[in-house]
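First up is the structure itself, then whatever we jot down about it.
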Amino acid sequence: MLEVKNLGLTLKGDEGEIQVLKDMNFKLEDKKIYVMTGPNGGGKSALSKAIMGIYQSTSGQILLNGEDITNKTIYERARMGIGYAFQQPARFKGIKVRELLEIASDKNKVPEMCDLLYDVGLCAQDYLEREINTSFSGGEVKRIEIATILARDLKLAIFDEPEAGIDLWSMQRLTETFVKMNEKYNTTILIISHQERILNLADEVIMVADGTVSEITTREKVLGEIRQIDSDCRCRQSCNKGGKAIADCDR
Amino acid sequence: MLTAIDKKLLFEIADLNEIPQGAFNLRKNGEGSGRHTTSNIDIITKKDKPGIDVIIKAGTKGESVYIPVIVSEGIEDIVYNTFEIGENSDVLIVAGCGIHNSSDKKAQHDGIHEFFVRKGAKMKYIEKHYGEGEGSGERVLNPKTIIEVEENGVVELEMAQIRGIDNTIRDTEVNLHKNAQLIVVERLLTYLDQTAESNTTVNLLGEDASAQIISRTVAQNESKQVFHFRLLGHAKCRGHIQCDSIIMDKAQVSSIPEISAFNSDAQLIHEAAIGKIESEQLTKLMSLGMTETEAEETILKGFLK
């Protein structure tokens, strides 16, 4: 359903131009859950923003169901059925949760909104009429952000580190919600994450490093590698009993 | 007789589709154009200068007074209104001025409102200003509001300049006595080459008096806004000023808050911010399917709501 061909992206930074994506190639199939993972700074968020149109790619093509969307704007891609949950969501002085959910979808009846907020672990009656301002914690804003994506009828839903700021008690419900979105609405889901709980949802795992897709593989393989690294670290910590080994593991 | 223009102005400034129930006084083009009083609320024409005295009996609860002003030609009007809000009453006062100027002459309304909110009384005061008209004449509104709030009195002010006012100077002065409370919410939009100046002074005179001032403004095109907010703590009291302005295009905004304490138990805070619409807000709304223009309008509408 989504095809990325030879995608490149150069961004302007304080120290000049930086090539953040290089000759990226991969395909997403209908109705699958993909988890994109890899080292920090490898290009995961940049790639997902390029798919949404937040960053305009400098080379290559993005096709949605065969249609070239490379030069389409953010809102055109949104109207074509791509959704994006931001890692650090915006706050809005003067816009209430109910109003943002109404903007997000035609699910503007209170019971539907209550269901959406329940799915992200919030009690609707405490939130619908509140402004999305600085009175909310980071975790609350994050859940509302995810609810705006659940509200929409999407072909492709992108979640950029949805677990950040969400407590462990709510994560189980959130992962169930991703599965429900995928199964009930046939939405293809692309989640950027490093969490084992999220990796467990993946039909396929996209490994991104150094601005390119290094591998598309199974969750079993990735989780196996993580467990092996974890095991090695514990072993080295217990053997060395020193700060250096722990520092190595942290890297 | 209200014309279609009059009705539109009344709707814009007071949400009125028809003459309201209860007490009201309608002023049109510098003259009284309709009045109604109730057993608890009297309205008397001043004898020494243009304007009215609104007298609300002690203990009046749940009643409202509408005193809209309509200016539909190029005149300069000044009015002095005095409000006596009786002890332990609880009332809503809806003022506001709408100008429709289709001439090349200046249309100006200066409204000087003085309130005496007696012990234990509660008053909500809503004032909206709106201008329209195809004429080249300026539309000018200069409101001056002076409020004395006695012990345990509560005053809530909602003051909004919606659109279409070329120049305004707004002066507000409030004196808060023992345990009196004040909440001010100000909303203001300027565009083209409009100018707006707002000067608010709150004297926290009595013990445990409290004041909260929230100001949200948007300056577009080449318009200019200047705000002076002063909170003066003369007793054990609490005060908070929060001013946010969105600046766009070639507009200019100056926000000058002052907090001064004359008592070591005064707690006064000011926060002021001026900035563009945050790009994260625009991007979020665009990612929900809005064009950039739609997203911008939605953000501004919410901000000024």
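The values are calculated or read from the model by the stated rules, or taken from the named source; none is laboratory data. As the structure is a computational prediction, the values presented were derived from the model and not from experiment. Backbone-built Cβ (ideal geometry, glycine too); neighbour counts: all protein chains shown.
In this structure, does B:Asn88 turn out to be outside any strand (DSSP E or B) and either more than 20 Å from the chain's Cα centre (by Cα) or crowded, with 20+ Cβ neighbours inside 10 Å (or both)? Considered against the rule, which asks whether it is outside any strand (DSSP E or B) and either more than 20 Å from the chain's Cα centre (by Cα) or crowded, with 20+ Cβ neighbours inside 10 Å (or both), B:Asn88 comes out as yes. For the stretch B:277-301, the set of residues classified as assigned to a helix (DSSP H, G or I) and among the hydrophobic types (A, V, I, L, M, F, W, C) consists of B:Leu282, B:Leu285, B:Met286, B:Ala295, B:Ile299, B:Leu300, listed by residue number. Quick one: would you say A:Ile146 is within 30 Å of A:Tyr118 (Cα to Cα), modelled with pLDDT of 90 or more and in contact with a strand residue (DSSP E or B) (Cβ under 8 Å, 6 or more places away or on another chain)? Yes: the conditions hold for A:Ile146. Taken over the stretch B:45-74, the residue count meeting the criterion of being of a type in the set (Ser, Thr, Tyr) and not in a strand (DSSP E or B) is 2. Select from the stretch B:244-258 the residues that are β-branched (Val, Ile, Thr) and under 27 Å from A:Ile103 (Cβ atoms) and write down the one among them that is nearest to the other protein chains (Cβ to nearest Cβ). Top of the filtered list is B:Ile246. Restricting the stretch A:155-209 to residues that are in contact (Cβ under 8 Å) with a residue 40 or more places away in the chain and hydroxyl-bearing (Ser, Thr, Tyr) leaves a set whose member that is farthest from A:Ala50 (Cα to Cα) is A:Ser170. The helices (runs of 4 or more DSSP H) found entirely in the stretch A:135-214 that carry 2 or more residues being touching a helix residue (DSSP H, G or I) at 6+ places or on another chain (Cβ under 9 Å) and among the hydroxyl-bearing types (Ser, Thr, Tyr) are A:168-185.
Taking the criterion of being crowded, with 19+ Cβ neighbours inside 10 Å and in contact with a Phe, Trp or Tyr (Cβ under 7 Å, 6 or more places away or on another chain), the only residue of the stretch B:96-112 that qualifies is B:Gly98. Report yes if some residue within the stretch B:9-22 is over 17 Å from the mean Cα position of the chain (by Cα) and outside any loop (DSSP other than H, G, I, E, B); otherwise report no. So far as the stretch B:9-22 goes, no, none of its residues is over 17 Å from the mean Cα position of the chain (by Cα) and outside any loop (DSSP other than H, G, I, E, B).
Looking across the stretch B:259-301, the residues that are more than 11 Å from chain A (Cβ to nearest Cβ) and within 26 Å of A:Leu154 (Cβ to Cβ) come down to B:Glu296, B:Glu297.
If you go through the stretch A:34-53 and keep only what is within 14 Å of another protein chain (Cβ to nearest Cβ), at negative phi and either free of Cβ contacts under 8 Å to residues at least 12 places away in the same chain or not hydrophobic (A, V, I, L, M, F, W, C) (or both), you end up with A:Ser45, A:Ser48, A:Lys49. Looking only at residues in the stretch A:57-101 that are of a type in the set (Gly, Ala, Ser) and farther than 30 Å from B:Thr217 by Cα, the one that is nearest to the other protein chains (Cβ to nearest Cβ) is A:Ala78.
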